[in-house]
Amino acid sequence: MNAAARRERVWYHGAEVPISWGVLARLYGGVTALRRRAYARGWLRRHPVGKPVVVVGNISVGGTGKTPLTIALVRALAARGLRAGVVSRGYGGSAKGPLLLDADATPAQVGDEPLLIRDLGGAPVVVGRDRVAAARLLIASADIDVVLADDGLQHYRLHRDVEICVIDGARRFGNRRLLPAGPLREPLSRLEHVDFRVCNGGLAHADEVQLHLRDDGALNLVDGRHVALDAFAHRRVHAVAGIGHPRRFFDSLRAARIDAIEHAFADHHLFGPADLAFGDGLPVLMTGKDAVKCRAFAQPDWWQVAVQAQLPERFLDSVAARIRAAALESAALEN
């Protein structure tokens, strides 16, 4: 059994936690608690950047749906008269940043998620390990009203006005233990301090906002053709997923009656032609995160499965209202 399979069994399927993992989890919990306390009491400083900041993140590792939510927020805020820019860690890319994405940015340089956000959301994006520096470059480089920090819940140096925590509605929080004994980056008590909890899939709890990922068809990686996903129904295809939770993608294809041969890769895997050389001529379906890394060597029957995040209008209105309130408060303090 490889390391990833062992973690899956322990975190989500009730397997016994190794003693060493439990010891490390207690050490990790102590360090993270001390760090949170240092920021809460002002021993370490949070840095405002001159614009309202909305953080989209999670308290568990793995894919929960942060990127589709961030793209949906960019679009929804634009419809409400608010121009958003995005800062991202750029995980999987070589750039330390801060770096404003331009037309020449590549996945190897800036990672997959920032490119996907830029391409589908139409927002300016800056990548950088230092989110404060990245946000300041974004504000200096683009005419925006609000900064969206993708996957920045634990980056406490960046002052934030709104925190949104995304929850995997199917797996929830696994065994509810901290890393490495469980999947949690922070204890469940952290949820008491966020502004919104968004549940992706499953059934949202009473204090959560329901997010649904709606099928938006498939896009051909070579010529951009758009077809309905049911064009692949009852057909055998290769399904490729280098994301945090590949099972969600595979299950969605099966729900669409597609006969998928599953190929799971590590999250943020940097694909090369040999990874997809299946040699049988079958169509290849992949996620958006994977497609941005495969376009340079794509074959005619390779397709990106597109999704759109559906969210309640009341939630989107509330986020916009909090952004405007934060902007007014900041302007009043300056005066």
- prompt: Can you tell which of LEU148, LEU116, LEU153, LEU137 is in contact with a Cys (Cβ under 8 Å, 6 or more places away or on another chain) and not hydroxyl-bearing (Ser, Thr, Tyr)?
  reply: LEU153
task: Please state which one of ALA266, ALA291, ALA274, ALA239 is assigned to a strand (DSSP E or B) and either touching a Phe, Trp or Tyr at 6+ places or on another chain (Cβ under 9 Å) or not assigned by TED's automatic domain parsing to the domain that holds ALA79 (or both).
output: ALA239
query: Does at least one position in the range 252-275 carry a residue that is touching a residue at least 40 places away in the same chain (Cβ under 8 Å) and basic (Lys, Arg)?
result: no
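Residues checked against (1) at positive phi; (2) surrounded by fewer than 18 Cβ atoms within 10 Å (Cβ to Cβ):
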residue: VAL10; (1), (2): no, no
residue: ARG41; (1), (2): no, yes
residue: HIS47; (1), (2): no, yes
residue: GLY50; (1), (2): yes, yes
residue: PRO98; (1), (2): no, no
query: Given the conditions (1) in a strand (DSSP E or B); (2) at pLDDT below 95, and given that GLY85 satisfies all but one, which numbered condition is not satisfied?
result: (2)
field: Residue in the range 144-193 that is farthest from ARG129 (Cα to Cα), counting only those that are among the hydrophobic types (A, V, I, L, M, F, W, C), part of a loop (DSSP other than H, G, I, E, B) and under 17 Å from the mean Cα position of the chain (by Cα)
entry: ALA170
- prompt: What pairs come up if the first residue lies in the range 205-222 and is modelled with pLDDT under 90, the second is of a type in the set (A, V, I, L, M) and part of a loop (DSSP other than H, G, I, E, B), and their beta carbons are under 8 Å apart, counting only those six or more places apart or on different chains?
  reply: ASP215/ALA256
statement: The residue that is farthest from HIS212 (Cα to Cα), considering only those in the range 256-271 that are aliphatic (A, V, I, L, M) and under 23 Å from the mean Cα position of the chain (by Cα), is LEU270
statement: Within the range 122-136, residues under 12 Å from ILE71 (Cα atoms) and either touching a strand residue (DSSP E or B) at 6+ places or on another chain (Cβ under 7 Å) or buried (at least 24 other Cβ atoms within 10 Å of the Cβ) (or both) come out as ALA123, PRO124, VAL125
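Determine, yes or no, whether VAL227 is at pLDDT 95 or above, of a type outside the set (S, T, N, Q) and surrounded by fewer than 17 Cβ atoms within 10 Å (Cβ to Cβ).
So VAL227 passes the test.
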query: Just one of ARG136, ARG247 is modelled with pLDDT of 95 or more and either of a type in the set (Lys, Arg) or over 17 Å from the mean Cα position of the chain (by Cα) (or both); which is it?
result: ARG136
query: What tally of residues in the range 34-64 results from selecting those that are in contact (Cβ under 8 Å) with a residue 12 or more places away in the chain and hydrophobic (A, V, I, L, M, F, W, C)?
result: 8
- line: Scanning the range 278-302 for residues that are touching a helix residue (DSSP H, G or I) at 6+ places or on another chain (Cβ under 7 Å) and farther than 22 Å from ASP251 by Cβ gives VAL292, LYS293, PHE297
- prompt: Which residue, of ARG254, ARG248, is within 21 Å of LEU120 (Cα to Cα), of a type in the set (Lys, Arg) and not assigned by TED's automatic domain parsing to the domain that holds PRO114?
  reply: ARG248
task: Return yes or no: is TYR28 in a helix (DSSP H, G or I) and surrounded by fewer than 16 Cβ atoms within 10 Å (Cβ to Cβ)?
output: no
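The values are calculated or read from the model by the stated rules, or taken from the named source; none is laboratory data. Owing to the predicted nature of the structure, the values given are computational and were not obtained by experimental measurement. With ideal geometry, Cβ positions are generated from the backbone for all residues, glycine too; neighbour counts draw on all protein chains shown.
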